[in-house]
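Starting off with a structure, shown below.
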Amino acid sequence: MIKLTDVSFFFGGRDILSHAELLIKDNDRIGLVGPNGAGKSTLFKIIVGEQSVTGGAITTDKKDAVIGYLSQDTGEMKGGSVLEETMAGAGRVSEIGKRLSFLEERMGDMENPITDSEMDEYGLLQNEFLAHDGYNLENNAKTILTGLGFTDERQLENVDNFSGGWKMRIALAKILLLKPDVLLMDEPTNHLDLESILFLESWLKEFEGSLVMTCHDREFMTRICKTTIELSQGKLTYYSGDYDFYLREREIRRREQIATYNRQQAMLAKEEEFIARFAARASHANLVQSRIKNIEKIERVELPVEEKAMSIEFRPCPRSGDQVAVLENLGVSYGDFNVFSSASVVLRRLEKVALTGINGAGKSTLLKVIAGKLKESEGVCSVGAGVRLGYFSQYSSDLLNSDNTIFEEAQERLPELDRGELMSALGAFLFSGDDVEKKISVLSGGEKSRVVLACILSRPVNFLVLDEPTNHLDIVSREVLLDALKRFDGTVLIVSHDRFFLRSLASKVWELDKGKLTVYEGDYSYYLEKSPHLKELHLM
């Protein structure tokens, strides 16, 4: 359906795309992967025509193909209700609906009768409207918005009342309602809770068009995408399987390339040795020249590029007492609104606990109370003896000083470390050399998260309270963080919507639902099986 032929794009002194070939066929399900900054978002912009290319061509075999693009920028919203904004995203179907409404009003105007040409137009538009299920447009919009977490009341609120994260959900709803022929999605699960992720997963499985997406949620990517394309060093590489297949196959290809490189280097060394030995002998002149020409014709195999990844090592910290946090009839209220109440549980040393619940259930509030950032309304929350707590809020990035450089920010937060120790700590989170002089104001969401994590995890702590630490981190960084937390010789209480992350880490689950805290004495898979709240969502 869409084809990129020999496409190149050069920017900022490097090749974002170099003679790239890409074919998006009908009903394709493609996961686009690659390191941060590789150019995945740029590739999407090239496909939709928002970015011109240095060379090559982009073609489609369907003249009127509709391409829907969910970017990481919500764009301008018109100021109407959420429902109105979503319906406006249906493109031509929405415009036809408005025109039909106008013509229907004209039919009732006795003083200015509708013309024959308008009646003909009405008939043609009505047929097109029916073909695109236009009369169900509002119901479909409401279904999508409900699935993405908007209550009936909130669907009627003005879009200006919503935060950036909720506006991203509105942008997503508009794209889903559009039902394009080709759907390009750049990080669609960002800002979604688990229930919304499951709704989107179900919707995409029924979607009849072609899909290309980037996603930092490994399990979501694996469940949806049956083909994987890697963008790295300006090149697109195809893998005929899901993300798990891609990881296995990439490693096989990497080992084969290294072996081929080593064989070629050994052969070249022998040839060069022969040339050097006999170059001065006239009797071997023709043979030497032949060998030189043969070497020049050989296409050199390159070693595979090793992408940089975070490297987290925790600083030694004295062990805490066996009881890390004790909650006794704990509750938080705001006026007449009860967030949660009667929460009683003991968090024990070395436990790795996942805190779950829908958006608004009170997860962040509970973490703030345990971290000492918020006062409880009732009951008691006490932290045990010898506990040294590190707290990551999902809004921690907003507290960074935008005027600081990365190094200055780390220096203010870690005054006990000297310059060498600071550079080492930042380097472990992929900030090295001149990178540390970047201003906070120019960093991406992922880079800001890495700055905060570098500062928190560089302190000697034995209890980590983490609220959405995986937001904005790519899959590789998430898995480095996951590995570090599994090795962490301390206690972890974490909120995350990444199912793969929680399956791999959590030994116990606390669920907040309707103001009550329930403890599941088993891992995340056990929780998914036993939770009455989640059984109907078919998580497994």
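The values are calculated or read from the model by the stated rules, or taken from the named source; none is laboratory data. All values reported here derive from a predicted model rather than from experimental measurement. Note: ideal-geometry Cβ built from the backbone for every residue, glycine included; neighbour counts use all protein chains shown.
Regarding Ala343, is this residue of a type in the set (Gly, Ala, Ser), in contact with a Cys (Cβ under 9 Å, 6 or more places away or on another chain), assigned to a strand (DSSP E or B) and surrounded by 17 or more Cβ atoms within 10 Å (Cβ to Cβ)?
Yes, satisfied.
Here is a yes/no grid of residues against (1) touching an Asp or Glu at 6+ places or on another chain (Cβ under 8 Å); (2) among the polar types (S, T, N, Q); (3) in a helix (DSSP H, G or I); (4) on the phi < 0 side of the Ramachandran plot:
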| position | (1), (2), (3), (4) |
| --- | --- |
| Arg277 | no, no, yes, yes |
| Ser283 | no, yes, yes, yes |
| Val288 | no, no, yes, yes |
| Glu307 | no, no, no, yes |
| Asn338 | no, yes, no, yes |
| Asn359 | yes, yes, no, yes |
| Gly372 | no, no, no, no |
| Lys375 | no, no, no, yes |
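Working only within segment 366-390, note down all residues that are within 25 Å of the chain's Cα centre (by Cα) and of a type in the set (Gly, Ala, Ser).
Gly390
Can you find, within segment 152-165, the residue that is nearest to the chain's Cα centre (by Cα) among those that are more than 20 Å from Asn140 (Cβ to Cβ) and part of a helix (DSSP H, G or I)?
Going through the qualifying residues, I end up with Gly165.
Give just the number: which of (1) farther than 30 Å from Ile24 by Cα; (2) basic (Lys, Arg); (3) at pLDDT 90 or above; (4) touching a helix residue (DSSP H, G or I) at 6+ places or on another chain (Cβ under 6 Å) does Arg291 not satisfy?
Condition not satisfied by Arg291: (3).
Let me ask something else about it. Kindly indicate the residue of segment 10-28 that is within 25 Å of Pro188 (Cα to Cα) and surrounded by 17 or more Cβ atoms within 10 Å (Cβ to Cβ) and also farthest from the chain's Cα centre (by Cα) among those meeting that condition.
Ala20
Among the listed residues Lys205, Lys270, which satisfies the condition of being loosely packed, with under 14 Cβ neighbours inside 10 Å, in the same structural domain as Met1 (by TED's automatic domain parsing) and at pLDDT 90 or above?
Lys205
Where residues in segment 185-199 are in a helix (DSSP H, G or I) and either among the polar types (S, T, N, Q) or touching a strand residue (DSSP E or B) at 6+ places or on another chain (Cβ under 9 Å) (or both), which of them is farthest from Trp166 (Cα to Cα)?
Leu194
If you take the residues of segment 467-489 that are among the hydrophobic types (A, V, I, L, M, F, W, C) and touching a helix residue (DSSP H, G or I) at 6+ places or on another chain (Cβ under 8 Å), which of them is farthest from Val452 (Cα to Cα)?
Per the stated criteria, the residue is Ile475.
On to the next question. State the number of residues belonging to segment 78-89 that are modelled with pLDDT of 80 or more and more than 13 Å from Leu172 (Cβ to Cβ).
6
Among the residues in segment 513-523, are any touching a helix residue (DSSP H, G or I) at 6+ places or on another chain (Cβ under 6 Å) and crowded, with 23+ Cβ neighbours inside 10 Å?
Within segment 513-523, not a single residue is touching a helix residue (DSSP H, G or I) at 6+ places or on another chain (Cβ under 6 Å) and crowded, with 23+ Cβ neighbours inside 10 Å.
Where residues in segment 46-84 are more than 24 Å from the chain's Cα centre (by Cα) and acidic (Asp, Glu), which of them is surrounded by the fewest Cβ atoms within 10 Å (Cβ to Cβ)?
Among those residues, the one meeting the criterion is Asp64.
Checking the condition more than 33 Å from the chain's Cα centre (by Cα) and either at negative phi or touching a residue at least 12 places away in the same chain (Cβ under 8 Å) (or both), which residue from Ser402, Ser344, Ser393 passes?
Ser344
So which of Leu367, Leu355, Leu443 ends up being among the aliphatic types (A, V, I, L, M), over 30 Å from Phe150 (Cβ atoms) and not assigned by TED's automatic domain parsing to the domain that holds Leu194?
Being among the aliphatic types (A, V, I, L, M), over 30 Å from Phe150 (Cβ atoms) and not assigned by TED's automatic domain parsing to the domain that holds Leu194 holds for just one of Leu367, Leu355, Leu443, which is Leu443.
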